[in-house]
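Undergrad: I'd like to ask you about the structure that follows.
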Amino acid sequence: MQKKTVGLAAASLVLGILIYVVAGQLVQHLGTVTGDGIAAIVFGIPAIICGHLAKSKIKRNPAQLKGGGMAITGLVLGYLAVVGTLGLAIDIRLEHGNNETSRKICVTNLRAINNAKWQWEFDSGKPKGSLVKQSDLTIYFKDGVVPTCPKGGSYSYNPTGVDPECSIHGKLKVE
Ligand SMILES: [Zn+2]
């Protein structure tokens, strides 16, 4: 008697392939994360479910059913897509966390620079609105080093009475 291919195994394989075909299209319109994410959820999860169901069907009746290879391929494609998308999402969260940390460091730097400007204004007796140079501020920092933006933005010290600002993170915001 001829073995019959389990329909769910074929479905799993087709869904597994569709993930990548559809993701290729979606990514162009929606960007990597959203495109991959939608493809992984819409096709990847059904591919995984069909693959598991097909495998257990075949296991129960190996004499009459085939398609184990297809089911495994569909499963692997499904899992790769889901895990890959999760990894991407985690990466982006980490990157977001890094940016958040950099911004906080930068704001702290700008606050310290602002304090040094107050100090310099007081010490020098210069009127408000006087231009401040980096060399005016060095004595107020440890080892004479005025802090710099962790993301490489350049600082405008600005005259006294005007908040210093970073080319990347903007003006000092009091929070
Ligand atoms: Zn900055």
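Undergrad: What pairs come out if I take residues in the stretch 100-117 that are without any contact (Cβ under 8 Å) to a residue 24 or more places away in the chain and within 12 Å of the ligand (Cβ to nearest atom) and pair them with residues that are in a helix (DSSP H, G or I) and of a type in the set (A, V, I, L, M, F, W, C) whose C-beta lies under 7 Å away, six or more apart or interchain?
TA: Sorted first by the residue in the stretch 100-117, then by its partner, the list stays empty.
Undergrad: Now for a separate question. Does L131 satisfy the criteria of being more than 16 Å from the ligand (Cβ to nearest atom) and either touching a Pro at 6+ places or on another chain (Cβ under 8 Å) or more than 16 Å from P159 (Cβ to Cβ) (or both)?
TA: Yes; evaluated as a whole, the condition is true for this residue.
Undergrad: Looking only at the stretch 137-175, filter to residues that are under 20 Å from R103 (Cα atoms) and among the small types (G, A, S); which one of those is surrounded by the most Cβ atoms within 10 Å (Cβ to Cβ)?
TA: G153
Undergrad: Name the pairs whose Cβ atoms lie under 6 Å apart, with the first residue in the stretch 149-162 and without any contact (Cβ under 8 Å) to a residue 60 or more places away in the chain, the second of a type in the set (D, E) and within 13 Å of the ligand (Cβ to nearest atom), and 6 or more positions between them or separate chains?
TA: S156/E165
Undergrad: Could you tell me whether I139 is among the aliphatic types (A, V, I, L, M), outside any strand (DSSP E or B), within 15 Å of the ligand (Cβ to nearest atom) and at negative phi?
TA: No.
Undergrad: Filter the stretch 114-136 for residues that are surrounded by 12 or more Cβ atoms within 10 Å (Cβ to Cβ), of a type in the set (K, R) and not in a helix (DSSP H, G or I) and give the result.
TA: K126 - this is the single residue of the stretch 114-136 that is surrounded by 12 or more Cβ atoms within 10 Å (Cβ to Cβ), of a type in the set (K, R) and not in a helix (DSSP H, G or I).
Read the figures in this text as sums done on the coordinates, not as results from a lab. Since the structure is predicted, the reported quantities are computational estimates derived from the model, not experimental observations. Note that we place each Cβ from the backbone using ideal geometry, even for glycine, and neighbour counts take in every protein chain shown.
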